[in-house]
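Some notes on the structure that comes next.
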Amino acid sequence: MIEDATRNFLVRLAGQEPKDEAVWAEALTHGSTGEPRDYQRLEFLGDRVLGLVVAQWLFEKSGAAEGKLSQRLNALVSRAMCARIARAHELGPHIRLGKQARDDGGQDSENILGDVMEALIGACFVENGFEAAREMVRALWDEEVEGKAGSSKHPKSALQEWAAGNRRRMPEYRLVDRSGPDHASKFTVEVAVNGVGDARATASSKQEAETQAAAEFMRKFA
């Protein structure tokens with residue numbers, strides 16, 4: 001059911017041999033294949049496991065206040081971070097996609113990569129329990145947690161504080177364009193502060209486009 005190359009990839013990722021191949025195959029299967037089961041249920045589970053593992057990890061290693069912990073947690077468990085880690089470990093070629101989704105670049109879609117990464121954490125939890133899932137997350141996220149990911153203020157928060165500090169109206173975000181198929185959409189968002197200017201950014205999710213637009217605004221005007 002799972003090819004040798006994918007099996008070897010899963011061993012590197014999870015630290016042990018897959019036992020129930022059907023669970024891991026499900027975690028790698030996108031809805032575009034038409035298969036009766038895809039990664040969505042496991043992604044739902046893996047998202048919660050990831051959040052708990054990283055929250056516990058941050059609590060143990062830092063005496064920071066709740067606000068700072070939440071800031072780092074949100075950055076570390078974001079879809080963008082999950083996709084970044086998926087790319088670093090070359091997950092894309094192992095995802096099962098329908099022909100159209102593959103032709104549309106689904107292997108490198110931030111949404112798909114992030115979702116499948118969480119689904120694989122869910123599969124590890126289902127097959128091996130919480131301790132094994134925690135070890136998997138800690139191995140994959142170690143560099144990011146030990147680094148500065150999420151340490152800086154989120155660009156949208158930074159922009160909001162800048163606007164308030166300069167007695168300006170709150171930033172206004174506007175979806176300018178959405179293009180591409182559902183599984184590989186591109187969102188262009190504009191953020192404007194009245195009397196100052198605006199900035200735009202394009203990303204694979206509306207939320208990420210807003211974040212990048214806020215960062216671009218701060219680069220231009222702050």
Would you check which residues across segment 181-207 are under 24 Å from ALA101 (Cα atoms), not basic (Lys, Arg) and not in a strand (DSSP E or B) and list them? PRO181, ASP182, HIS183, ALA184, SER185, SER204, SER205, GLN207
Mind checking which residues of segment 161-180 are modelled with pLDDT of 85 or more and either loosely packed, with under 12 Cβ neighbours inside 10 Å or assigned to a strand (DSSP E or B) (or both)? ARG167, MET170, GLU172, TYR173, ARG174, LEU175, VAL176, ASP177, ARG178, SER179
Please give the number of the condition HIS183 fails out of (1) in contact (Cβ under 8 Å) with a residue 40 or more places away in the chain; (2) surrounded by fewer than 17 Cβ atoms within 10 Å (Cβ to Cβ). (2)
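Is it the case that GLU110 is buried (at least 17 other Cβ atoms within 10 Å of the Cβ) and under 19 Å from LEU13 (Cβ atoms)?
When the stated conditions are applied, GLU110 passes them.
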Taking the options PHE9, PHE59, name whichever one is in contact (Cβ under 8 Å) with a residue 40 or more places away in the chain, under 23 Å from VAL145 (Cβ atoms) and of a type in the set (Phe, Trp, Tyr). PHE9
Residue list for segment 169-186, filter: under 21 Å from ARG79 (Cα atoms) and either within 16 Å of the chain's Cα centre (by Cα) or aliphatic (A, V, I, L, M) (or both): LEU175, HIS183, ALA184, SER185, LYS186
Subset of segment 35-59 that is among the basic types (Lys, Arg) and closer than 25 Å to MET1 by Cβ - its residue that is nearest to the chain's Cα centre (by Cα): ARG41
Count of residues meeting criterion [part of a loop (DSSP other than H, G, I, E, B) and at pLDDT below 90] in segment 120-159: 8
Answer yes if at least one residue in segment 77-90 is without any contact (Cβ under 8 Å) to a residue 60 or more places away in the chain, outside any helix (DSSP H, G or I) and open to solvent by 50 Å² or more (accessible area, probe 1.4 Å), and no otherwise. no
With respect to ASP104, is the statement that it is under 29 Å from ALA5 (Cα atoms) and in contact with a His (Cβ under 8 Å, 6 or more places away or on another chain) true? yes
In segment 113-133, residue nearest to the chain's Cα centre (by Cα) [restricted to those that are closer than 10 Å to VAL53 by Cβ and open to solvent by less than 40 Å² (accessible area, probe 1.4 Å)]: ILE121
All but one of (1) surrounded by fewer than 17 Cβ atoms within 10 Å (Cβ to Cβ); (2) touching a residue at least 24 places away in the same chain (Cβ under 8 Å) hold for ASP103; which doesn't? (2)
Could you check segment 153-190 and list, in sequence order, the residues that are closer than 17 Å to ALA201 by Cα and of a type in the set (Asp, Glu)? GLU172, ASP177, GLU190
Tally, over segment 6-53, of residues that are under 23 Å from LYS99 (Cβ atoms) and open to solvent by 60 Å² or more (accessible area, probe 1.4 Å): 5
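Among the residues of segment 58-74, is any open to solvent by less than 20 Å² (accessible area, probe 1.4 Å) and not charged (D, E, K, R)? Break it down into steps so the answer makes sense when it comes.
So the first thing to find is which residues in segment 58-74 are open to solvent by less than 20 Å² (accessible area, probe 1.4 Å), and the list is 58.
From what's left, not charged (D, E, K, R): 58.
The answer is yes; a qualifying residue exists.
The values are calculated or read from the model by the stated rules, or taken from the named source; none is laboratory data. Worth saying up front: this structure is predicted, and the values here are computed from it rather than measured. Because the Cβ atoms are built from the backbone with ideal geometry, glycine has one as well, and the counts that use them run over all protein chains shown. For accessibility, only protein heavy atoms count, side chains too; no ligands or nucleic acids. Shrake-Rupley method; radii C 1.70, N 1.55, O 1.52, S 1.80 Å.
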